[in-house]
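Derivation of every value follows stated rules applied to the coordinates shown; laboratory data play no part. Here the structure is a predicted model, which means the values were calculated and not measured. Reconstructed Cβ throughout: ideal geometry from the backbone, glycine too, with neighbour counts over all protein chains shown.
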C-alpha cells in the first residue's frame, strides 16, 4: 500500500528568533474562490524565503495579499511588518512603510526612460538607495539610463523593476517569478544581485517556478499546496529530500 508522505510536522512551525514580517491566519479570496486557506508564517530580517508549490497553490495570491493589492481580498488574519499592521493598510500605505512587490509582468511605465522610471519611484531624499547606487548594482541600467524603459530586453526590464522597488528604500522585497522567460546567463546576473542586496540586509520573499534555483538562493522554504502550508523549513532540506520535491514540486 502506498502511503502519502506526512510533512505536516513542518507546517507553520514556530521560529525562535523575533519575526520581522509575520503572517497570521491569513485567508484570501478571488471573488468566491477560496485561495489562501489560513496560513501563518514568519520571515526574519535579512532572510531570503522561497515560497514554492505547484501552479494554483496560492503563491502569487499570498504575495499580493501581503502587498495589500486590491485583488485578492483578505477576509481574515493579520500581517505585521516591523511592528506595523499591514492588514490595516492600503497597498500605497504598505509601500510607504517599506514593502515592495515586483510583479511577474514588471509594469515598466511606457514613455519614461530608465532614469525617469527610477525617479518616479524614489522617495526624496533617498535614505539608502540613490539612483547612482542602483546603477552600481545594475550597470546595464546605468548604460541605458536615457533609453525608454519598455524598449529594454526582458532581463533588463526585470532589473529595472527590481531597481525601481529598491528606490523606495524597502524593508521587504517581494519577487513574483523574477526568472520567468529569461536566459540562464541573465538569471545568473539577477541572482548575483539578489545575493548582494541580501548581504546588505534586505529581506526577500521569492516566488519562482524554477524551484531549484530559488532553493539554491534561499535560506528557508515554504511549500504551499491548495492554499495551505505543507512545509516550512530550511531550503537545504527541500533540496535534499527527493520525496518532498516529487510530492509537492514535481522535481
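Arrange the following residues from fewest to most other Cβ atoms within 10 Å of their Cβ: 177, 189, 199.
Values: 177 21, 189 18, 199 9.
Fewest-to-most ranking of 177, 189, 199: 199, 189, 177.
Between residue 30 and residue 148, what length comes free when the chain is fully extended (0.36 nm per residue of separation minus the Cα-Cα distance, one decimal in nm)? List each step's numbers first, then the result.
Working: separation 118, 0.36 × 118 = 42.48 nm, distance 3.44 nm.
Value of the extension gain: 39.0 nm.
Label points 7 Å out from Cα along the Cβ direction at residue 88 and residue 212: separation in nm?
4.7 nm
As a test, work out the antiparallel percent of DSSP beta bridges whose residues both lie in the chain, rounded to the nearest 5.
Around 60 percent of the beta bridges assigned by DSSP in the chain are antiparallel ones.
For the stretch 136-151 and the stretch 31-81, what is the separation of their C-alpha centers, rounded to whole Å?
About 32 Å separates the Cα centre of the stretch 136-151 from the one of the stretch 31-81.
Which number do you get for Rg(Cα) / (2.2 N^0.38 Å) in the stretch 139-235? Spell out each step's value before the answer.
Values: Rg = 14.5 Å, N = 97, 2.2 N^0.38 = 12.5 Å.
The reported ratio for this selection is 1.16.
Starting from the Cα of residue 123, step 7 Å along the direction of its Cβ; do the same at residue 169; then give the gap between the two resulting points in nm.
0.4 nm
Can you tell me the relative contact order of the chain? Whole percent, Cα pairs under 8 Å, sequence separation 6 or more.
That works out to 28 percent.
Which order do the peptides 85-93, 135-143 come out in when sorted by mean C-beta neighbours inside 10 angstrom, highest first?
On the way: 85-93: 14.7, 135-143: 16.7.
Result, highest mean Cβ count within 10 Å first: 135-143, 85-93.
When all C-alpha to C-alpha distances in the stretch 106-170 are sorted into bins of 10 Å, what percent of pairs does each bin hold, rounded to whole numbers?
Calculated P(r), rounded to whole percents: 26, 61, 14.
Given a Förster distance of 51 angstrom, what is the FRET efficiency for residue 113 paired with residue 243, based on the Cβ-Cβ distance and rounded to 0.05? Numbers along the way, then the final one.
Numbers: r = 50 Å, r/R0 = 0.98.
That gives a FRET efficiency of 0.55.
For all pairs of alpha-carbon atoms in the chain, what percent lies in each bin of width 5 Å, listed from the first bin to the last filled one?
Bins of 5 Å from zero give 1, 6, 14, 18, 19, 17, 12, 8, 4, 1, 0, 0, 0 percent of pairs.
Got a sec? Which residues in the stretch 154-198 would a label at residue 104 touch, if it sits 7 Å along Cα→Cβ and we count backbone N under 14 Å?
It comes to 175-182, nothing else.
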